[in-house]
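Asker: The structure's right below; bear with me while I get my questions together.
What follows draws every value from the coordinates through simple rules; no lab data is involved. Everything numeric here is computed off the predicted structure, so don't read it as measured data. Note: ideal-geometry Cβ built from the backbone for every residue, glycine included; neighbour counts use all protein chains shown.
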Amino acid sequence: MKYGGNTSCLELRFGEEDRLVVIDAGTGIRELAGHVMQTDLPKGPIKTELFLTHTHWDHIMGFPFFIPLFIPNTEVKVFGPVSFEDDPLSKIFGDMLRYRYWPVRLEELAANIQYSDLKEGTMDLGGDLWVTTKYLNHPVLVLGYRFEYRGKVFCTAYDTEPFRNLFDVSPDDPSYDAEAVKEGALAAEEENNKVTEFFRGADILIHDTQYTHNEYVNPKSPKLGWGHSSFEHAVNVAHKAGVKKLLLFHHDPDRSDHELDVIESKIRRTVRAKSRVEVMVAREGMTVEA
Ligand SMILES: [Zn+2]
Ligand SMILES: [Zn+2]
């Protein structure tokens, strides 16, 4: 109730400009729609650039509830990751607007929707806004975003977990190969370093922290390979990358408000002792300035 129960949706604004960038269309986009209708629509047709980190259900399921889609002259540019083997974004994303799932079909929406399939790279979005993308570690292709605008940097890192050595088996295992173990460790380290560099100097980093470290490595029910990070990992990466503000995000749906309160004060205490990163647990409706 305090931190919110909607799934991922971030709103990015740029000073006094009317520009609206949205990251992910989780259920939170329904409330954003109401806000945009009040504050943006009176000034003219709504233009949105919607960046999807990935197409897992919790990150797209709010899309049909984005009311401006039903208003003529609304423009929505959807950006998101696809791999070579996959259908284009328009198909992946458009498929959920079929009668089987929803009474309104994609063709019936009044808005003009355009799709751009993204890979790793840097793109000039115009108006001094640039975006760089980086593949993260999740069961499906996920992009981390690094937005840069007039010297300010905002990064996203969800859903993701640290890369690890996939060949790290015990020497007693018949598949053990010393050379592969060594190479695997190097490859994981290299990828993790690239991710850290991707966040370098960010004013704000919003990072996946679904688990505590103990939950992540708990031998009875380990969460390794599930594609989500621990609070401890996010704090370490942010410190290494010289991040100014770190927002802990993508909370476990079972996590209570009280647990998050306790985690936040505990993390703040440990961070204050050794780092300058300002750490906050992300809360629905919260505004953070770069
Ligand atoms: Zn996911
Ligand atoms: Zn997710």
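Asker: Which shape class applies to region 119-290: rounded if a/c is under 1.5, otherwise prolate when a/b exceeds b/c and oblate if not, where a ≥ b ≥ c are the square roots of the Cα gyration tensor eigenvalues?
Answerer: Details: a/c = 1.99, a/b = 1.26, b/c = 1.58.
Taking the square roots of the gyration eigenvalues as a ≥ b ≥ c, region 119-290 is oblate.
Asker: Cut-off under 17 Å on the C-alpha distance; same-chain residues fewer than 8 positions from Lys274 excluded. Which lysines are left, in chain and number order?
Answerer: Lys240, Lys244, Lys245, Lys266
Asker: Determine the calculated [θ] at 222 nm for the chain from helices alone, applying -39500 (n - 2.57) to every DSSP H run no shorter than 4 residues and normalising by the residue count; nearest 500 deg cm²/dmol.
Answerer: Taking each H run of at least 4 residues, the total per residue is -8000 deg cm²/dmol.
Asker: Go through region 132-224 and name the chymotrypsin sites (Phe, Trp or Tyr not before Pro) that are in a DSSP coil and have 14 or fewer other Cβ atoms within 10 Å of their Cβ. List each step's numbers first, then the result.
Answerer: On the way: sites: Tyr135, Tyr145, Phe147, Tyr149, Phe154, Tyr158, Phe163, Phe167, Tyr176, Phe198, Phe199, Tyr211, Tyr216; in loops: Tyr158, Phe163, Phe167, Tyr176, Phe199.
Those that pass, being in a loop and sparsely packed, are Tyr176.
Asker: To continue, here is another question. Cα axis of helix 257-274 to longest principal axis of the chain: angle in degrees, 0 to 90, nearest 10?
Answerer: 60
Asker: Follow-up. For the chain, give the magnitude of the charge dipole about the Cα centre (Cβ charges: +1 Lys/Arg, -1 Asp/Glu; no others), in debye to the nearest 20.
Answerer: 900
Asker: Additional query: Calculate how many DSSP beta bridges within the chain are antiparallel, expressed in % of all such bridges and rounded to the nearest 5.
Answerer: 40
Asker: Using DSSP to define loop residues, name the trypsin sites (Lys or Arg not before Pro) in region 20-117 whose beta-carbon has at most 12 other beta-carbon atoms within 10 Å.
Answerer: Those that pass, being in a loop and sparsely packed, are Arg98, Arg100, Arg105.
Asker: Would you work out the charge dipole size for region 1-118 about its Cα centre, treating the Cβ of every Lys and Arg as +1 and the Cβ of every Asp and Glu as -1, and quote it to the nearest 20 debye?
Answerer: On the way: 11 positive and 17 negative charges, 69 e Å.
Around 340 debye, computed over region 1-118.
Asker: What does DSSP give for region 1-118 in terms of the percent of beta bridges that are antiparallel, rounded to the nearest 5?
Answerer: Here the share of antiparallel DSSP bridges comes out near 15 percent.
Asker: Still on this structure, I have one more. With axes computed from alpha carbons, what is the tilt in degrees of helix 29-39 against the longest principal axis of the chain, rounded to the nearest 10 within 0 to 90?
Answerer: Tilt of helix 29-39: around 40 degrees.
Asker: For region 149-290, with the dipole built from +1 on Lys and Arg beta-carbon atoms and -1 on Asp and Glu ones, taken about the Cα centre, which of Met280, Val195, Gly151 lies farthest toward the positive end?
Answerer: Gly151
Asker: Same structure, new question: What does the charge dipole of region 119-290 about its Cα centre add up to, to the nearest 20 debye, if the Cβ of each Lys and Arg holds +1 and the Cβ of each Asp and Glu holds -1?
Answerer: 820
Asker: Would region 187-270 count as rounded, prolate or oblate if I go by the C-alpha gyration tensor, calling it rounded below 1.5 in a/c and otherwise prolate when a/b exceeds b/c, oblate otherwise? Before the final figure, lay out the partial values.
Answerer: Details: a/c = 2.13, a/b = 1.22, b/c = 1.74.
Verdict is oblate for region 187-270.
Asker: Sort Asp254, Asp58 so the one with the fewest other Cβ atoms within 10 Å of its own Cβ comes first. Mind showing how you got there, number by number?
Answerer: Values: Asp254 6, Asp58 17.
Ascending Cβ contact count within 10 Å gives the list Asp254, Asp58.
Asker: Also, quick follow-up: For the chain, take the longest principal axis of its alpha carbons; what is the angle in degrees between that and the long axis of helix 178-198, to the nearest 10 within 0 to 90?
Answerer: Relative to the chain, helix 178-198 is tipped by roughly 40 degrees.
Asker: Next question. In vacuum, with every alpha carbon of region 1-118 counted as one equal point scatterer, what does the Debye formula give for log10 I(q)/I(0) at q = 0.15, 0.18, 0.24 Å⁻¹? Two decimals, please.
Answerer: -0.65, -0.95, -1.60
Asker: Just flag the GluC sites (Glu not before Pro) in region 66-134 sitting in loop per DSSP whose Cβ has no more than 13 other Cβ atoms within 10 Å.
Answerer: Of the GluC sites (Glu not before Pro), the ones in loops of region 66-134 whose Cβ has at most 13 other Cβ atoms within 10 Å are Glu85, Glu120.
Asker: Also, quick follow-up: Placing +1 on the Cβ of each Lys and Arg and -1 on the Cβ of each Asp and Glu in the chain, which of Ala110, Gly94, Tyr3 has its Cα farthest towards the positive end of the resulting dipole?
Answerer: Of the candidates, Tyr3 comes out farthest on the positive side.
Asker: Something else: Once Rh is set to the Kirkwood radius over Cα pairs, what Stokes-Einstein translational diffusion coefficient, in µm²/s, holds for the chain at a temperature of 4 °C and a viscosity of 1.567 mPa s?
Answerer: It diffuses with D of about 64 µm²/s by this estimate.
Asker: Among rounded, prolate and oblate, which fits region 54-144 when a ≥ b ≥ c are the square roots of the eigenvalues of its C-alpha gyration tensor, a/c under 1.5 means rounded, and a/b larger than b/c means prolate?
Answerer: Note, shape of region 54-144 comes out oblate.
Asker: If each Cα of region 162-201 is one equal point scatterer, what is log10 of I(q)/I(0) from the Debye formula at q = 0.16, 0.32, 0.33 Å⁻¹?
Answerer: Those come out to -0.44, -0.98, -1.01, one per q.
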